[in-house]
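This report concerns only the one structure given below.
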Amino acid sequence: MIKRIILLTAFLFLLFSCGTREDETDNEQYVGVWNWVSTDGGLANVHQTPSNTGVTRTLTLTAESIYTIKENTEVVSEGTYYLAREVTNTDHLEKLFLHFSNQPNLIIESINANDLYLAQDANDGFKYHYSK
C-alpha cells in the first residue's frame, strides 16, 4: 500500500511539474521595433555596425506575427514570422528559431527586454545583435 502511495505521489509530481514550452514560443517579448547594432562572423570574420556601413536597419515584429525589415527607412523585406523549436544543423541541439516567410530562418541565441541576439544556422554564419 505504501508503495502505491509513493508511486502515485511520484507520478502526480512528475505530471504537474512538467511544464510546457508554450511560453518560449509566445511572441510577446519579441514584439516591437529592434534597431540593428552589429553583424559579426562569416568567412571573412566581419564586424559591421551602422557607423562603419552607413546603414541603419530595423526589424519590426508585431503581435500579429508580421515582420518588416527596413534599411535606411526603405522596406527590404516583409512578411510573416513564427517561433519554433528545432534541431540546429551546426551543433545538433534543439534551439528556438525565428522563422520568416521571406528571409532565412535564424536561431534565437538570447533575448531580454533590451537586446535580441540572432544567428544563422551555419558554422561560418553571421550573428546579429539588435536592441530596442
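The values are calculated or read from the model by the stated rules, or taken from the named source; none is laboratory data. Here the structure is a predicted model, which is why all the values come from computation and not from measurement. In this analysis, Cβ positions are derived from the backbone assuming ideal geometry, glycine residues included, and neighbour counts consider all displayed protein chains.
Structural remarks
- Qualifying residue in the range 102-124 (condition: surrounded by 14 or more Cβ atoms within 10 Å (Cβ to Cβ), farther than 21 Å from D26 by Cβ, of a type outside the set (G, A, S) and at pLDDT 95 or above): yes
- Looking only at the range 84-98, and only at residues there that are in contact with a strand residue (DSSP E or B) (Cβ under 6 Å, 6 or more places away or on another chain) and surrounded by 13 or more Cβ atoms within 10 Å (Cβ to Cβ), the one that is nearest to K132 (Cα to Cα): L98
- Among (1) surrounded by 10 or more Cβ atoms within 10 Å (Cβ to Cβ); (2) modelled with pLDDT under 95; (3) not aliphatic (A, V, I, L, M), the one test that S17 misses: (1)
- Listed by position, the strands (runs of 3 or more DSSP E) enclosed by the range 18-132 that each have at least 1 residues that are within 11 Å of the chain's Cα centre (by Cα) are 74-87, 94-100, 106-111, 115-119, 126-131.
- Enumeration of residues in the range 89-101 that are modelled with pLDDT of 95 or more and not aromatic (F, W, Y): E94, K95, L96, L98, H99, S101
- S51 surrounded by 14 or more Cβ atoms within 10 Å (Cβ to Cβ) and either of a type in the set (S, T, N, Q) or free of Cβ contacts under 8 Å to residues at least 40 places away in the same chain (or both): no
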